[in-house]
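Written out below as structure tokens is the structure these notes cover.
The values are calculated or read from the model by the stated rules, or taken from the named source; none is laboratory data. This structure is a prediction, so every number in the text was calculated from the model and none was measured. All Cβ positions, glycine included, derive from the backbone under ideal geometry; neighbour counts span all protein chains shown. Calculation scope for accessible area: heavy atoms of the full protein, side chains included, ligands and nucleic acids excluded. Shrake-Rupley method; radii C 1.70, N 1.55, O 1.52, S 1.80 Å.
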Amino acid sequence: RRGRRGAAMRRPNILMTGTPGVGKTTLCKEIASRTGLTYINVGDLAKEGELYEGFDEEYECPILDEDRVIDEMEAEMSDGGVIVDYHSCDFFPERWFNIVFVLRTENSFLYDRLESRGYKGKKLQDNIQCEIFQTIYEEAMSSYREEIVHQLSSNTPEDMERNLDQIIQWIEQWIKDNN
Ligand code: ADP
Ligand code: MG
């Protein structure tokens with residue numbers, strides 16, 4: 001982690017976002033294990049620290065205490081070299097990320113994945129709608145500079161492999177260019 005001049009090597013921060021079920025966690029863990037980037041799953045972090053400020057009965061999910069989540073992450077994000085996994089992206093400080101990926105999955109694939117995760121009824125429909133209306137992509141485009149936001153198809157295992165290769169290449173190039 002140390003460069004030529006003895007300073008800590010600079011490494012990029014990456015945000016991986018998209019509707020639940022698109023493949024964020026699978027892809028991020030693989031990237032982290034291949035590159036040594038630190039993986040942060042924001043949902044798990046919130047659960048461990050009970051960083052909640054309520055429960056959304058309609059959407060059947062806890063409501064994050066966003067300020068406390070940000071406080072919890074700040075030191076690691078400032079060091080760089082973190083890959084962040086979360087299904088929403090509008091509350092992180094814009095300056096944290098060097099690049100933002102929004103994974104996208106066609107309905108038929110997503111439906112099957114969410115169903116096998118046990119989602120049903122309104123929760124299943126809401127998540128499918130979220131993907132149809134490209135809610136998270138628009139959230140990303142309005143929260144970050146458009147030039148750093150990239151959509152990636154995540155329908156098949158071949159897509160997963162291609163995304164993995166491209167992101168690892170991007171990380172290696174960023175490290176060369178910034179150290
Ligand atoms: P997320 O973290 O976005 O909710 P996961 O990584 O948990 O998504 O993936 C949900 C399910 O879909 C897992 O069973 C995973 O293996 C599968 N999956 C994810 N991406 C793909 C893909 N590109 N092709 C096929 N299956 C995938
Ligand atoms: Mg996940």
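Computing FRET efficiency as 1/(1 + (r/R0)^6) for D44 and A7, where r is the C-beta to C-beta distance and R0 is 30 Å, gives about 0.45.
Using a simple charge model, +1 on the beta-carbon of Lys and Arg, -1 on the beta-carbon of Asp and Glu, nothing else, what dipole does the range 8-124 show about its Cα centre, in debye to the nearest 20? Write down the numbers at each step before the final one.
On the way: 14 positive and 23 negative charges, 163 e Å.
Using Cβ point charges on Lys, Arg, Asp and Glu, the range 8-124 gives about 780 debye.
Given Cα pairs under 8 Å that are at least 6 residues apart, what percent is the relative contact order of the chain? Relative CO of the chain lands at 33 percent.
Annotation: per residue accessible area for the chain equals 55 Å², rounded to a whole number [probe 1.4 Å, protein chains only]. Of the peptides 125-138, 94-107, 46-59, the ranking by mean beta-carbon count within 10 Å, highest at the top, reads 94-107, 125-138, 46-59.
Taking the chain as the region of interest, the number of lysine pairs whose Cα atoms are within less than 30 Å, with members eight or more places apart or on different chains, is 13.
Relative to the longest principal Cα axis of the chain, at what angle does helix 24-35 sit, 0 to 90 degrees, rounded to 10? Tilt relative to the chain: about 20 degrees.
With R₀ fixed at 41 Å, the C-beta to C-beta distance from D126 to I168 puts the FRET efficiency at about 0.80.
Rolling a 1.4 angstrom probe over the chain with all protein chains present gives an accessible area of which 45% lies on carbon and sulfur atoms.
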